[in-house]
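Before any comments, here is the structure.
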Amino acid sequence: MSTVVTALGHEWEARMVALVDSLPGIDVGRRCVDLAELVSAVAAGHGDVALVSLELRGLDRDALHQLDLAGVHVVGASAEGDEDSERRLRQLGLTRVVHLGTPADELADLLGVARRGPAPGAATLAGTVGAGPTSTGGVAVATDDPQAGPPRPTDEPPPAPEAGRARGRVVCVWGPTGAPGRTTVAVNLAAELAGSGVPTLLVDVDTYGASVAQALSMIDEAPGAAAAVRASEAGSLDLPTLARVAPEVLPGLRVLSGIPTPARWTELRAAAVEHVLDLSRDLAPLVVVDCGFSIEDDEELSYDTLAPRRNATTLVALEAADEILVVGAGDPVGLQRMVRAVQALADLPVVAPRPVVNRVRASAVGSDPQRRIADSLRRFAGLERIAFLPDDPASTDAAMLAGRTLAETAPGSPLRAALRELAGALAGRALPRPSRTGSRLLRR
Ligand SMILES: Nc1ncnc2c1ncn2[C@@H]1O[C@H](COP(=O)(O)OP(=O)(O)O)[C@@H](O)[C@H]1O
Ligand SMILES: [Mg+2]
């Protein structure tokens, strides 16, 4: 026997409920009127399956993630013949979608499942809902394998990333509080790689102080990450949409700019950001992510499980990353913060970070600063293979003032040379001679 908890569009809710109730081995437990009621009903164990429709206010990837964590299977429902709703439900990540006209035996198959254990993605913030799908004539059928790994968001491949093309790598640029230079590193690494022939997408997900758009003089109205996330939550994010909101600002360099003011951080919902990053891999072979600093799990700080979480955005980005650069400032306070940051990272399911010490100068740590810094980072955090970036305020100031990259404003600077070397290490090859980065699109 499985129990279905419903939260559906009121015009056809009664018909769907009657249909479901008539199925053998299935009954309708609770008929919820809104998302809050649904979430508390499933959290209290009142059902095995949540049947939801788009009319439910607030139904987005985050909400589906919450339902998934509560251990219920989520099935999307729409009125008969409403193909648009079906498509959008699938784009939200639902692999099982039914409607009023779904034949009774199929409906029973899709709804007749046992309550799962804790969701596989529960500890990792990854995934949305449902297990891996197989498809039967328009109605996707889940494998119902409770052991299935963290589920992927959708069963429909995004429109044609070139057949056979490998998916892009995600490189997160992260670091502790204190403005160690994450944005400077992210922007210029992305620019160097793009300039040397690796099409790159730079994504700003900093929920505390997004500044990529300003660093690159992008127009304030650039829709950016907030628009991509909105599209994801509305179930309409696909590759052309992502490309549209991530314009090319330099040849080979697309930018998905961050939220225009920190006060709008609630817009960057984690599950949607995860979807955006996943799709980004089809837009560019390299995705560089400028992250916020904090990774405290704010979920633990809040009793409201549906509340947006400011740091979750950084957490999902780090968990998605194929490579993480931890940027620390090359002074005693910055280095100590960097050690703590690396220790905090060790508790997360993420790849081992690559340390980058920025603003390296003898005046802050003593003579032979690289050796001193390497010694203390090895001793206190076991870090090796450190990339050092020199303190170079003249170059960064000039770049900031112009709203351009170091390649454009300080091509011969020591900082640019060091960043180029780091970019080569990321690309797995020394970069060729710099090409002239010419035209500027979408600049202020
Ligand atoms: N290597 C460097 N030398 C001198 N100044 C730097 C260097 N890297 C960054 N800065 C400056 O430090 C400040 C903070 O950099 P930013 O990249 O915005 O940090 P974050 O993104 O970590 O907050 C900016 O004024 C930037 O120009
Ligand atoms: Mg920044």
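The values are calculated or read from the model by the stated rules, or taken from the named source; none is laboratory data. These figures come from a predicted structure and were not determined experimentally. We place every Cβ from the backbone using ideal geometry, glycine too, and count neighbours over all the protein chains shown. Please note that ligands, DNA and RNA were not included when accessible areas were found on the heavy atoms of the full protein model with its side chains. Shrake-Rupley method; radii C 1.70, N 1.55, O 1.52, S 1.80 Å.
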Taking the Cα centre of segment 169-427 as origin and charging only Cβ (+1 Lys, Arg; -1 Asp, Glu), how large is the dipole, in debye to the nearest 20? 720
Can you give the log10 of the normalised intensity I(q)/I(0) at q = 0.14 Å⁻¹, computed with Debye over equal Cα scatterers of segment 169-427? -0.90
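Find the accessible area per residue for segment 163-233; the probe is 1.4 Å, ligands and nucleic acids are left out, and the unit is Å².
Heavy-atom SASA per residue in segment 163-233 reads 30 Å².
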Net lengthening on full extension, Arg429/Glu80 (0.36 nm per residue, minus Cα-Cα): 120.1 nm
Please compute the Kirkwood hydrodynamic radius over segment 187-231, one decimal place, Å, based on all pairs of different Cα atoms. 11.7
So if the hydrodynamic radius of segment 178-277 is defined as the Kirkwood radius over C-alpha pairs, what does Stokes-Einstein give as its diffusion coefficient at 10 °C and 1.306 mPa s, in µm² per second? 117
With every protein chain kept in the model, how would you rank Asp82, Asp204 by accessible area, 1.4 Å probe, largest at the top? Asp82, Asp204
Sequence of Glu55, Glu106 from largest to smallest accessible area, 1.4 Å probe: Glu55, Glu106
Give the percent of DSSP beta bridges with both residues in segment 169-427 that are antiparallel, rounded to the nearest 5. 5
Solvent-accessible heavy-atom area per residue, rounded to whole Å², over segment 391-434 at 1.4 Å: 50
Amide H to amide H, which residues 5 or more places from Val98 or on other chains are under 5 Å from it, using H placed in the peptide plane? Gly76, Ala77, Ser78
Ignoring ligands and nucleic acids, Glu80 exposes an accessible area, probe 1.4 Å, in Å² to the nearest 10, of 130
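When ranked by the protection proxy of mean other Cβ atoms within 10 Å per residue, highest first, what sequence do the peptides 222-231, 242-251, 187-196 form?
The packing order, highest mean first, is 187-196, 222-231, 242-251.
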Estimated inter-spin distance, Asp397 and Glu421, nm [label 7 Å along Cα→Cβ]: 2.5
I want to check the label-to-label distance for Met1 and Arg244. Put each point 7 Å from Cα in the C-beta direction and report it in nm to one decimal. 5.0
So what's the gap between the Cα centers of segment 361-409 and segment 166-244, to the nearest angstrom? 23
Could you pull the accessible area for Phe293 with a 1.4 Å probe, rounded to 10 Å²? 60
Volume per residue of the C-alpha convex hull in segment 314-416, rounded to whole Å³: 120
